[in-house]
Amino acid sequence: MIEDDLRAAFARHETLTPPTGPLRAAIERTVVRRRRRRLQLRLSGTALALVVATLVGFTAFTPDRPQTATLLPQPAASTPTGALNVLLVGADGPADRPYRFADSVLLVHVPADRSRLYLVSLPRDLEVSIPGEGKDKLNAALFLGAGEPRPDLARGYALIRRVVSDTTGVRIDAGAVLTSPVLRRLADAVGGVPVCLPAEVRSAHTRRVFPAGCQQLDGPASVDLLRQRYGLPDGSLDRDRNAQRYAAGLLRRVDERGVLTNPVLLSTLLTQVGTGLVTDPGETSLPALLSVAAKATGAAPVAVVLPVKYGEKPSYRFRLDPARGPGFLTALREDRLGEWTAAHPDQVTGLG
């Protein structure tokens, strides 16, 4: 009897129950949108780092245990019209403390006229002011921001971005932290990177010899070359210059393959490169970066190291060259690097 009463009660109220079809369809649409959004964010983060990597061929050296993190705000819809500054950071450190210091720091300046790219190396031993830490070397900012015992590269990048912006006086529009596994895969994915060296380089790590002149480097050779500073006449400054030469070769290789203007090739390359990146697209969308990159690759890039001088011992830190440094930073802030490099040809790195 109780069972019959329950059945009758359900039957009387069944007409009040909303149909399940529309509700189920709405839930399925929401799930699909969320899945697509997560996939879009993952691809846009990887793609950004690939784009900035192909723009500058920036070096990064870490153990083979890359930590992946992303900084992905909502992308803007419009293409930027003013000058852009992209910050690339290479992370290095012993096996038990990955990503300890920023071993290479490169600021890519894209002028408003999109005439070419300017690759500005900031010496790792440059003395800077780090918020909350006082005076230290630039390469320490990544480590201090990332913290211990397990570094957070996203926080490390945020601190070094702030330090570079404070030091140069320019806004950082986008950037990334790159790791050596990513660099290896990228170099191999494009079929090797042509590099022209002005003098022989001998690896202090593998005993490999890189002869003077032009040569093509695969992934392992790329990482090996870009680690070298011992035995070079200008030490870490010469390593920065070799990184700029590598950048020019990688940019040329990617441009020859049409990667920046062919979505299919870009997608294939993204798949080959994989993950292991920290990216910060800022307020610039991926399509906007691609558009800017394609316009700015029409002419050969111009590379220059921030004008510095060694400070007094025992710190062995670089300080801004009082004769040329202030003028250089003014030109960078005012988007006049073309004029400055034309007036100071001896400061421009020969790319081969």
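Of all residues in region 163-214, how many are among the acidic types (Asp, Glu) and modelled with pLDDT of 95 or more? Spell out the reasoning first.
As a first pass, look at region 163-214 and keep what is among the acidic types (Asp, Glu): 166, 173, 188, 200.
Checking which are modelled with pLDDT of 95 or more leaves us with 166, 200.
Within region 163-214, residues that are among the acidic types (Asp, Glu) and modelled with pLDDT of 95 or more number 2.
List the number of the failed condition for Ala53; all other conditions in (1) more than 17 Å from the chain's Cα centre (by Cα); (2) at pLDDT below 80; (3) part of a helix (DSSP H, G or I) hold.
(1)
Can you tell me which residues in region 141-167 are of a type in the set (S, T, N, Q) and surrounded by fewer than 17 Cβ atoms within 10 Å (Cβ to Cβ)?
To start, the set of residues in region 141-167 that are of a type in the set (S, T, N, Q) comprises 165, 167.
Within region 141-167, Ser165 is the sole residue that qualifies.
Considering region 202-215 alone, what residues qualify as being of a type in the set (S, T, N, Q) and either on the phi > 0 side of the Ramachandran plot or in a loop (DSSP other than H, G, I, E, B) (or both)?
Keep residues of region 202-215 that are of a type in the set (S, T, N, Q), which gives 203, 206, 215.
Ser203, Thr206, listed by residue number.
I need the full set of residues from region 106-132 which are of a type in the set (A, V, I, L, M, F, W, C) and within 16 Å of the chain's Cα centre (by Cα), in order please.
Taking region 106-132 and keeping what is of a type in the set (A, V, I, L, M, F, W, C), we get 106-108, 110, 112, 117, 119-120, 122, 126, 128, 130.
If the condition is that a residue be of a type in the set (A, V, I, L, M, F, W, C) and within 16 Å of the chain's Cα centre (by Cα), then Leu106, Leu107, Val108, Val110, Leu117, Leu119, Val120, Leu122 are the ones that fit.
Name the pairs: first residue in region 241-254 and crowded, with 24+ Cβ neighbours inside 10 Å, second residue in a helix (DSSP H, G or I) and of a type in the set (Ser, Thr, Tyr), Cβ to Cβ under 6 Å, at least 6 apart or on different chains?
Val254/Thr54
Is one or more of the residues making up region 231-239 surrounded by 21 or more Cβ atoms within 10 Å (Cβ to Cβ), of a type outside the set (A, V, I, L, M) and either touching a His at 6+ places or on another chain (Cβ under 7 Å) or not in a loop (DSSP other than H, G, I, E, B) (or both)?
yes
For Ala343, all conditions in the list (1) over 14 Å from Thr167 (Cα atoms); (2) within 26 Å of the chain's Cα centre (by Cα); (3) of a type outside the set (D, E, K, R) hold save one; what is the number of the exception?
Looking at each condition in turn, Ala343 falls short on (2).
Cβ contacts < 6 Å: first residue of a type in the set (S, T, N, Q), restricted to region 100-118; second residue at pLDDT 95 or above, any location; separation 6+ or different chain. Result?
Short answer, once both residue conditions are applied: none.
May I ask you to verify whether Ser285 is of a type in the set (Ser, Thr, Tyr), surrounded by fewer than 23 Cβ atoms within 10 Å (Cβ to Cβ), touching a Pro at 6+ places or on another chain (Cβ under 9 Å) and at pLDDT 70 or above?
Working: of a type in the set (Ser, Thr, Tyr): yes; surrounded by fewer than 23 Cβ atoms within 10 Å (Cβ to Cβ): yes; touching a Pro at 6+ places or on another chain (Cβ under 9 Å): yes; at pLDDT 70 or above: no.
Taking the combined requirement at face value, the residue does not satisfy it.
Looking at region 321-352 only, could you name the residues that are modelled with pLDDT of 95 or more and of a type in the set (A, V, I, L, M, F, W, C)?
Filtering region 321-352 down to residues modelled with pLDDT of 95 or more leaves 321-349.
Across region 321-352, the qualifying residues are Ala323, Phe328, Leu329, Ala331, Leu332, Leu337, Trp340, Ala342, Ala343, Val348.
What's the total number of residues in region 81-120 that are at pLDDT 90 or above, touching a strand residue (DSSP E or B) at 6+ places or on another chain (Cβ under 7 Å) and of a type in the set (S, T, N, Q)?
1
When the residues of region 168-204 are filtered to those that are crowded, with 17+ Cβ neighbours inside 10 Å and polar (S, T, N, Q), which remaining residue is farthest from the chain's Cα centre (by Cα)?
By that ranking, first place goes to Thr168.
The values are calculated or read from the model by the stated rules, or taken from the named source; none is laboratory data. Since the structure is predicted, the reported quantities are computational estimates derived from the model, not experimental observations. Don't worry about glycine lacking a Cβ; one is built from the backbone with ideal geometry, like all the others, and counts go over all protein chains shown.
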